[in-house]
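Below is one structure, written out as structure tokens; the observations come after it.
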Amino acid sequence: MTYRPNPNPSVPTMLSFLCLGIAAVAYMAGNIVNRFAWVFQLVCILGVVASLYLLLRWRMTWFVYAVRPRDDGTPVWDDREPALAGGASLRYTPADILDFIVIKGQGAKNGVMECVLGMDALVRAEVVCRRKDDAYPQYDRKAFLNDYPGAKVYEYIQTYRWERAITAVFRDGDAYAVLLLDLPEESEMGRYFLGLGKIKN
């Protein structure tokens with residue numbers, strides 16, 4: 001079972017071009033006004049850096065999430081998944097033989113495996129909102145660190161200014177890993193995570 005977020009990149013692209021435009025104006029102004037040239041140069045550098053960050057982080061970076069049998073050898077991005085890892089049969093597959101994998105890539109390059117965690121190590125899964133919402137709790141990084149002291153938080157989000165996401169807490173040896181996933185609750189993988197998280201709780 002795989003899921004690849006596919007957000008609309010128009011907002012970060014527009015913001016990137018806006019930052020680039022500000023940098024260009026600052027560069028020209030720095031050539032005209034000599035007295036405060038260093039201020040305009042600083043604005044120009046910051047504009048270029050912000051533009052590159054927006055493009056690289058929110059436009060070119062991509063993630064693939066996968067749940068699959070351990071040591072299966074099937075490429076994570078391969079749609080021809082084995083019967084054990086696909087569709088309805090996954091509901092009846094014991095979590096202790098499944099792994100959750102996150103692949104991170106940039107542009108057309110092949111992705112790199114960011115994490116591998118056993119599904120049997122999942123201790124909590126819930127839907128969270130970026131802003132306050134009556135239906136779901138607001139995402140609070142500090143609250144997770146208070147609930148799970150020493151935990152490491154990984155934000156595998158691809159959508160700029162996301163609205164809803166799923167947090168998954170895994171026990172990783174003696175510590176905890178908190179993952180923020182760009183995963184719709186109505187997706188097959190989202191339903192699987194939430195169902196498994198409720199069973200554990």
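If we keep just the residues of segment 21-32 that are under 35 Å from the mean Cα position of the chain (by Cα) and open to solvent by 80 Å² or more (accessible area, probe 1.4 Å), which is nearest to Y160 (Cα to Cα)? Among them, the one singled out is I22. Is at least one residue of segment 136-151 closer than 17 Å to V102 by Cβ and at pLDDT 90 or above? There is at least one residue in segment 136-151 that is closer than 17 Å to V102 by Cβ and at pLDDT 90 or above.
Taking the listed residues R124, R131, the one that is open to solvent by less than 60 Å² (accessible area, probe 1.4 Å) and not aliphatic (A, V, I, L, M) is R124, with no other qualifying. Taken over segment 2-49, the criterion of being part of a loop (DSSP other than H, G, I, E, B) and modelled with pLDDT of 90 or more is satisfied by R4, P5. The set of residues in segment 142-186 that are part of a loop (DSSP other than H, G, I, E, B) and either buried (at least 17 other Cβ atoms within 10 Å of the Cβ) or hydrophobic (A, V, I, L, M, F, W, C) (or both) comprises Y148, A151, I157, Q158, T159, Y160, W162, D182, L183. Tell me whether segment 120-141 contains one or more residues that are in contact (Cβ under 8 Å) with a residue 12 or more places away in the chain, part of a helix (DSSP H, G or I) and basic (K, R). There is at least one residue in segment 120-141 that is in contact (Cβ under 8 Å) with a residue 12 or more places away in the chain, part of a helix (DSSP H, G or I) and basic (K, R). Taking the conditions exactly as written (in contact with a helix residue (DSSP H, G or I) (Cβ under 8 Å, 6 or more places away or on another chain) and of a type in the set (F, W, Y)), does F100 satisfy them or not? Taking the combined requirement at face value, the residue satisfies it.
Of the residues making up segment 28-73, those that are among the small types (G, A, S) and more than 30 Å from Y3 (Cα to Cα) number 4.
The values are calculated or read from the model by the stated rules, or taken from the named source; none is laboratory data. Because the structure is a prediction, the values reported are computed rather than measured. Using ideal geometry, Cβ is built from the backbone for each residue, glycine included, and neighbour counts are taken over all protein chains shown. Only protein heavy atoms, including side chains, enter the accessible area calculation; ligands, DNA and RNA are left aside. Shrake-Rupley method; radii C 1.70, N 1.55, O 1.52, S 1.80 Å.
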